[in-house]
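Chemist: Have a look at this one.
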Amino acid sequence: MDAAEFRRLGHALVDWIAEYRESLERRPVVSAVRPGEIRARFPEGPPEAGGRLAEAVASLDALVLPGITHWNHPSFFAYFPSNTSYASVLADLVAAGLGAQGMSWQTSPAATEVEEVVMEWLRRMVGLPGDFTGVIHDTASTATLTALLCARERTSGHAQARRGLQGGEAPLVVYASDQAHSSVEKGALLAGFGRDFLRLVPTDDVHAMRPDALEAAMDRDLAAGSRPCAVVATTGSTGTTALDPLAEIARVAARHRAWLHVDAALAGTAMVVPEYRWMWRGVEAADSLVFNPHKWLGTGFDLSAYFVRDPEHLVRVMSTNPSYLRTAQDGEVRNLRDWGIPLGRRFRALKLWFHLADEGVEGLRARVRRDVDNAAWLAAQADAAPDWERLAPVPLQTVALRHVPPGVTDEARLAEHNLAVARRVNGSGRAYLTPAVVKGVQLLRVSIGALGTERRHVEAAWGELCAAARGAPAAAGG
């Protein structure tokens, strides 16, 4: 391909993306293909001769789109908002075109310094104190693993430089809410703590971690000869967007000299709105925190914001310094390879810069307020409907609810019924939501926050839920 062909196909692809986005509302939200169907449309072997990219581009509608679940659809209410703004799409194009590798300052100075700028902007936007420093990771899972590695090394006195966890010293313990994201368990396992030394702390009736239960668990471990190492608190849990009481948890963690990491993967975006910052009161005492601009904020996947209060400790834990990576600027610049797990780094900061330039802080605040207001509207409908039950507070944009037919009290039958409701809604193609189980109760999660989602889409989703509940097969009986 030469530059002329690149221009022609590039313009065609921008037009294709724009037309796709404009057509989203007319498409079924969920892909209806069966397993293996997309794969079967491709030949078994690669093309022997080149020059066929134009054919590949022309076949996107037939070969790819049928297998896409449309995460930017205004009736996408599943999992979490995963918005990719037009500005973010353009930034990905620039990043790919530049092909910058940002592992060291010298390898592409702009990749480091633009990231420094936008992460400082982001810190200010969500009201974090000035002693936090931010770095871009790929996902919150990676950031949480990084936090647990840093916690392990602080508690162990940098044991990785000696015998690591093979030294036979007292075991280290990690604590998290019983509503914590699965990435916390995965991170604790990958960091070498072991499943036997992960404590899932009980939660209260609004699904928030109980500080008294946390302290009791830490005291028991100390008495048993173990060492409390890290606490992962959650602001906006996956199932219900529950809010752990950070200030109280921070006091308990500090008494035991345990690292406090805050997982605000979704909810961190809400903190651009000053009146919502009560949700993470006490966050200033955390050692690290993470939230994902590639969710609700609108910056396309993948871009996770990791903030630490002691970047020197992070660098000490993460850095390696072989001769082939050393540069003349070492010691006076950030080498971002030492701020996380990967060596190589894409120029992700462009996406955050472009998105903020396009939408602005006021635009972000208006959209977050819109989504929270739409969730409050849906919660009010559920509260007013005699056969619907809301199962958690709604501080953010996710509503956890279930349908309870008259006379049905058996939990197994209620679970079967609500799963049938979800299947009917999702099978319609007109909306998409995800079920979840919280403390043994089957519920339906309606997560609001796509860029194009307005009140009419939420109203339509409520209509779909009510219609599905009337038609679900387990709706009668006791």
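Chemist: Take Ser31 and Ala254, extend 7 Å from each Cα along the Cα→Cβ direction, and tell me the distance between the two endpoints in nm.
Modeler: It is 4.9 nm.
Chemist: How charged is the neighbourhood of Leu200? Take every other residue with its Cβ under 10 Å from the Cβ of Leu200, and add Lys/Arg as +1 and Asp/Glu as -1. Spell out each step's value before the answer.
Modeler: Working: positive: Arg199; negative: Asp178, Glu185.
Charge balance in the 10 Å sphere: -1.
Chemist: Next question. What distance in nm separates the two pseudo spin-label positions at Lys439 and Arg195, each 7 Å out from Cα along the beta-carbon direction?
Modeler: 2.5
Chemist: Another one. Take each of the peptides 355-364, 248-257, 227-236, average the number of other beta-carbon atoms within 10 Å over its residues, and list them starting from the highest.
Modeler: Top to bottom by mean Cβ count within 10 Å: 227-236, 248-257, 355-364.
Chemist: How large, in percent, is the carbon and sulfur part of the accessible surface of the chain at a probe radius of 1.4 Å? Please list the in-between numbers first.
Modeler: Details: 11650 of 21370 Å².
The value for the chain is 55 percent carbon and sulfur by accessible area.
Chemist: While we're on this one: Taking segment 36-108, which GluC sites (Glu not before Pro) meet the DSSP loop condition and have no more than 14 other C-beta atoms within 10 Å?
Modeler: Of the GluC sites (Glu not before Pro), the ones in loops of segment 36-108 whose Cβ has at most 14 other Cβ atoms within 10 Å are Glu44, Glu48.
Chemist: Can you give the FRET efficiency to the nearest 0.05 for Ala285 and Ala216, using r as the Cβ-Cβ distance and R₀ = 22 Å?
Modeler: 0.60
Chemist: Tell me, what ³J(HN,Hα) does each residue in segment 287-298 have, in order and in whole Hz, if you take phi through Karplus 6.51 cos²θ - 1.76 cosθ + 1.60 with θ = phi - 60° and put x for Gly and Pro?
Modeler: Working through the residues one at a time gives 7, 7, 7, 9, 8, 10, x, 7, 9, 5, 5, x Hz.
Chemist: Over segment 402-459, what is the relative contact order in whole percent, taking alpha-carbon pairs under 8 Å and six or more residues apart?
Modeler: Answer for segment 402-459 is 27 percent.
Chemist: Pulled fully out, how much extra length does the chain show between Asn321 and Ala224, if you take 0.36 nm times their separation in residues and subtract their Cα-Cα distance?
Modeler: 31.0 nm
Chemist: If the reach is capped at under 30 angstrom between alpha carbons, list the lysines near Lys351, excluding any in the same chain fewer than eight residues apart.
Modeler: Straight-distance partners of Lys351: Lys186, Lys295.
Chemist: If you don't mind, there's one more thing I want to ask. If I take every Cα pair under 8 Å that is 6 or more residues apart in the chain, average their sequence separation and divide by the length, what percent do I get for the relative contact order?
Modeler: Reported relative contact order: 21 percent.
Chemist: Of the options Gly164, Ser177, Thr142, report the single residue whose Cα projects farthest towards the positive end of the charge dipole of segment 83-193 (beta-carbon charges: Lys, Arg +1; Asp, Glu -1).
Modeler: Of the candidates, Gly164 comes out farthest on the positive side.
Chemist: Per residue, how large is the accessible surface of segment 168-220? Use a 1.4 angstrom probe and give square angstrom.
Modeler: Solvent-accessible surface per residue comes out at 47 Å².
Chemist: Per residue of the chain, what 222 nm ellipticity follows from adding -39500 (n - 2.57) for every DSSP H run with n ≥ 4, rounded to the nearest 500?
Modeler: Helix contribution divided over all residues of the chain: -13000 deg cm²/dmol.
Chemist: So if each residue of separation counts as 0.36 nm, and I subtract the Cα-Cα distance between Arg369 and Val64, what length gain in nm does that give?
Modeler: 106.4 nm
Chemist: Out of Leu350, Gly340, Val437, whose Cα points farthest toward the positive end of the dipole of the chain (charges: +1 Lys, Arg; -1 Asp, Glu; placed on Cβ)?
Modeler: Val437
Chemist: Quick one: putting +1 on the C-beta of Lys and Arg, -1 on the C-beta of Asp and Glu, what dipole do you get for segment 338-459 around its Cα centre, in Debye to the nearest 20?
Modeler: Using Cβ point charges on Lys, Arg, Asp and Glu, segment 338-459 gives about 420 debye.
Chemist: Also, quick follow-up: With charges only on Cβ, +1 for K and R and -1 for D and E, what is the dipole size of the chain about its Cα centre, in debye, rounded to 20? Spell out each step's value before the answer.
Modeler: Details: 51 positive and 55 negative charges, 84 e Å.
The calculated dipole for the chain is roughly 400 debye.
Chemist: Report, as a whole number in µm² per second, the diffusion coefficient that Stokes-Einstein gives for segment 326-444 at 10 °C and 1.306 mPa s using the Kirkwood radius over alpha carbon pairs.
Modeler: Calculated translational D: 85 µm²/s.
Chemist: Now, a different point. Roughly what would the spin-label model give for Asp15 and Asp410, points 7 Å off Cα along C-beta, in nm?
Modeler: 6.0
Chemist: Considering only the chain, what is the antiparallel percent among its DSSP beta bridges, to the nearest 5?
Modeler: That works out to approximately 55 percent antiparallel.
Chemist: Please work out how much length the chain gains when fully extended from Ala247 to Ala54, using 0.36 nm per residue of separation minus the C-alpha to C-alpha distance, in nm with one decimal.
Modeler: Working it through step by step, the gained length comes to 63.8 nm.
Chemist: Which listed residue (Pro274, Gly130, Ala208) has the Cα farthest towards the positive end of the charge dipole for the chain, taking +1 on Lys and Arg C-beta and -1 on Asp and Glu C-beta about the Cα centre?
Modeler: It is Ala208.
Chemist: Something else: Considering only the other residues whose Cβ falls under 12 Å of the Cβ of Leu128, what net charge follows from Lys and Arg at +1 and Asp and Glu at -1?
Modeler: It works out to a net charge of +1.
Chemist: So, one more: Rounded to the nearest 0.05, what FRET efficiency is calculated for Arg277 and Glu44 with R0 set to 45 Å and r the Cβ-Cβ distance? If you can, show how the numbers build up before the last one.
Modeler: Details: r = 55 Å, r/R0 = 1.22.
FRET efficiency, Arg277 to Glu44: 0.25.
Chemist: Report the local net charge at Leu260: Lys and Arg +1, Asp and Glu -1, summed over other residues whose C-beta lies under 15 Å from its C-beta.
Modeler: Combined, the nearby Lys, Arg, Asp and Glu give 0.
Chemist: Now for a different question. What accessible area per residue, rounded to a whole number of Å², is obtained for segment 324-438 using a probe radius of 1.4 Å?
Modeler: Values: 5040 Å² over 115 residues.
I get 44 Å² per residue for this part.
The values are calculated or read from the model by the stated rules, or taken from the named source; none is laboratory data. Remember, predicted model here, so these are calculated numbers, not experimental data. Neighbour counts are summed over all protein chains in view; Cβ atoms, including those assigned to glycine, are modelled from backbone coordinates with ideal geometry. Quick note on the areas: whole protein, heavy atoms, side chains included, nothing else; ligands and nucleic acids left out. Shrake-Rupley method; radii C 1.70, N 1.55, O 1.52, S 1.80 Å.
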